[in-house]
Amino acid sequence: MNAPTPNQAFSAARQREVAAALDRILPDGSVLFNEEDTRPYECDGLTAYRQLPMVVALPQTEEQVIAILKACRELQVPIVPRGAGTGLSGGAMPIADGVVLSTARFNRILKLDPYARTAVVQPGVRNLAISEAASAHGLYYAPDPSSQIACSIGGNVAENSGGVHCLKYGLTVHNVLKVRMVTTEGEVVELGGESLDAPGLDLLAVFIGSEGMLGVVTEVTVKLVPKPQLARVIMASFDDVAKGGDAVANVIAAGIIPAGLEMMDKTSSRMVEPFVNAGYDTDAEAILLCESDGTPEEVEDEIGRMAEVLRASGATAIAVSENEAERLKFWSGRKNAFPAAGRISPDYYCMDGTIPRKQLGLVLNSIADMEQRFGLRCANVFHAGDGNLHPLILFDANQPGEFERAEAFGAAILELCVEVGGTITGEHGVGIEKINSMCVQFAPEEREAFFAVKRAFDPAFLLNPDKAIPSLHRCAEYGKMHVQRGLVKFPDLPRF
Ligand SMILES: Cc1cc2nc3c(=O)[nH]c(=O)nc-3n(C[C@H](O)[C@H](O)[C@H](O)COP(=O)(O)OP(=O)(O)OC[C@H]3O[C@@H](n4cnc5c(N)ncnc54)[C@H](O)[C@@H]3O)c2cc1C
């Protein structure tokens, strides 16, 4: 072992003690503590928030994970599990005096059973790698976050990730049969089972989406579904975002569940068109992409019915992909929207909230008003069928005050989501990013119930502490900072 780098957040002796304990468990080169080695782990996809970890551990087996967790418990060191670090809410951001447990090397597909249509994989396996492996059997793993080329299944389980196809095929929670995980006590627990339902309380559903706070995932059994024979997509233009929003609600109300139903506003289509040349109508206020998949007969029937609803909802133009290349071209802009934001703005802040579909028009118009109020532009490109918004707030971090305004803009959007009956998260999780917004959505009693679940799995409060569930104190502070319409939130709480 080399001499560890001293760091202001903890003593060199403490770092040495923890690194030495982990070094006894793991193979050479699996414990990182020098600053140049730990720097890549200082943030996830939410790069505005950074923290260098004290130590990084890179296990490759479940036995090693158990030993790491036992050692950390003995030494009372907080642990932050980490997959690929693509999370957008700071869930994998390190804790200053803690250990990051990275699953980057814990990444093998253990079993693929085409008859049972399941795959058993280690947590560090990339989402897309599962579909690539299943492809030879005509199968794939349905949940498809736009980050699927990089993000890991362990991270997907922790965030209950979604994607374009989740409207029809369900989120991670609907596509995972079983999870093996290790608690901070070093106990291995299996949640769920091989069949569709498991006896007892549904702890698998509690665990999926728990943001690395209840246990470390060591194995995941996923469902695989047959690849559809055919997929086609409609691109529909609207001269008003509210009409586009109503069209989304009308498609679902007509009893159609498209394989994907996404919306882009004019800012987004103008941002992305020069980047991908997808043929988007850049004069339209909103574009909808509505996909149908299945047998050729099913697709023809569904495309016809969707086109009818879209026309009746006021679509000004409709184009239908004629072949696979054209279908991929139509999707290319949607898939590349985040990187394209870099063409028109030095920085962007991707929000994630969910609203009832029927409120889409109202909320999009309110966001347009907020652009004036906060003096920042916002592009909207999102999973409209799920009512899952992804406003991209454009700002320049080098301009004093712009990041703070972007944060306030984001918080205002989330509050609006709650006001119209929605939630402050869709698929990116709470992490540290939306922890204050949890104070808006949940009453103290509800937050205490969340803490009770956490305590049941992690009594020592060592696993990803201070993420996702805000303390009473934090909410009191946020209530103080956040006086709305002359009213202080949480008036019953003591003010310091
Ligand atoms: C360009 C881009 C597009 C995106 N598009 C989507 C999208 O369409 N849909 C969507 O849902 N998300 C999307 N995301 C967000 C992100 O990719 C997902 O949240 C993803 O599931 C994170 O996986 P990860 O492996 O990177 O996890 P990380 O970022 O490393 O971690 C995420 C959370 O999971 C926990 N965790 C990781 N591994 C484990 C484990 N083994 N055991 C317990 N906890 C663990 C961490 O502690 C953290 O709380 C996008 C991100 C980017 C950058």
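The values are calculated or read from the model by the stated rules, or taken from the named source; none is laboratory data. None of these values were measured; they are calculated from a predicted model. So basically every Cβ, Gly included, is an ideal-geometry build from the backbone, and we count neighbours across all protein chains shown.
Here the strands (runs of 3 or more DSSP E) wholly within segment 254-357 that include at least 2 residues being within 16 Å of the ligand (Cβ to nearest atom) and farther than 13 Å from Ala231 by Cα are 260-265, 347-350. Within segment 205-215, one or more residues are within 16 Å of the ligand (Cβ to nearest atom), in contact (Cβ under 8 Å) with a residue 60 or more places away in the chain, surrounded by fewer than 19 Cβ atoms within 10 Å (Cβ to Cβ) and outside the structural domain of Ala468 (by TED's automatic domain parsing).
Residues of segment 131-167 that are more than 6 Å from the ligand (Cβ to nearest atom) and among the charged types (D, E, K, R): Glu132, Asp144. Only one of the numbered conditions (1) crowded, with 19+ Cβ neighbours inside 10 Å; (2) in contact with a Gly (Cβ under 6 Å, 6 or more places away or on another chain) is not met by Gly244, and that is (2).
Tell me, yes or no, whether segment 180-203 has at least one residue that is aliphatic (A, V, I, L, M), near the ligand (Cβ under 8 Å from one of its atoms) and without any contact (Cβ under 8 Å) to a residue 40 or more places away in the chain. I'd like the intermediate steps shown before the answer.
To start, the set of residues in segment 180-203 that are aliphatic (A, V, I, L, M) comprises 181-182, 188-189, 191, 196, 198, 201, 203.
Imposing the further condition that a residue be near the ligand (Cβ under 8 Å from one of its atoms) reduces the set to 181.
From what's left, without any contact (Cβ under 8 Å) to a residue 40 or more places away in the chain: 181.
Yes: one or more hits.
Of the residues Ala379, Ala317, Ala384, which is surrounded by fewer than 22 Cβ atoms within 10 Å (Cβ to Cβ) and either over 22 Å from Met438 (Cα atoms) or out of contact with any helix residue (DSSP H, G or I) (no Cβ under 7 Å at 6 or more places or on another chain) (or both)? Talk me through it step by step, then tell me what you get.
Values: Ala379 fails: surrounded by fewer than 22 Cβ atoms within 10 Å (Cβ to Cβ); Ala384 fails: surrounded by fewer than 22 Cβ atoms within 10 Å (Cβ to Cβ).
Exactly one of Ala379, Ala317, Ala384 is surrounded by fewer than 22 Cβ atoms within 10 Å (Cβ to Cβ) and either over 22 Å from Met438 (Cα atoms) or out of contact with any helix residue (DSSP H, G or I) (no Cβ under 7 Å at 6 or more places or on another chain) (or both), namely Ala317.
Only one of the numbered conditions (1) in contact with an Asp or Glu (Cβ under 9 Å, 6 or more places away or on another chain); (2) more than 29 Å from Ala158 (Cα to Cα); (3) surrounded by 24 or more Cβ atoms within 10 Å (Cβ to Cβ); (4) among the hydrophobic types (A, V, I, L, M, F, W, C) is violated by Cys290, and that is (2). When each of Phe461, Phe451, Phe442, Phe457 is tested for being on the phi > 0 side of the Ramachandran plot and not assigned by TED's automatic domain parsing to the domain that holds Ile66, the lone residue that passes is Phe461. Elements of the type helices (runs of 4 or more DSSP H) sitting completely within segment 1-111 and holding at least 2 residues that are among the aliphatic types (A, V, I, L, M) and crowded, with 22+ Cβ neighbours inside 10 Å: these cover 12-23, 62-75. Scanning segment 115-128 for residues that are surrounded by fewer than 20 Cβ atoms within 10 Å (Cβ to Cβ) and without any contact (Cβ under 8 Å) to a residue 60 or more places away in the chain, we see that the one that is nearest to Glu262 (Cα to Cα) is Leu128. Going residue by residue through segment 42-51, is there one that turns out to be within 28 Å of Thr172 (Cα to Cα), among the basic types (Lys, Arg) and not assigned by TED's automatic domain parsing to the domain that holds Arg180? Within segment 42-51, one or more residues are within 28 Å of Thr172 (Cα to Cα), among the basic types (Lys, Arg) and not assigned by TED's automatic domain parsing to the domain that holds Arg180.
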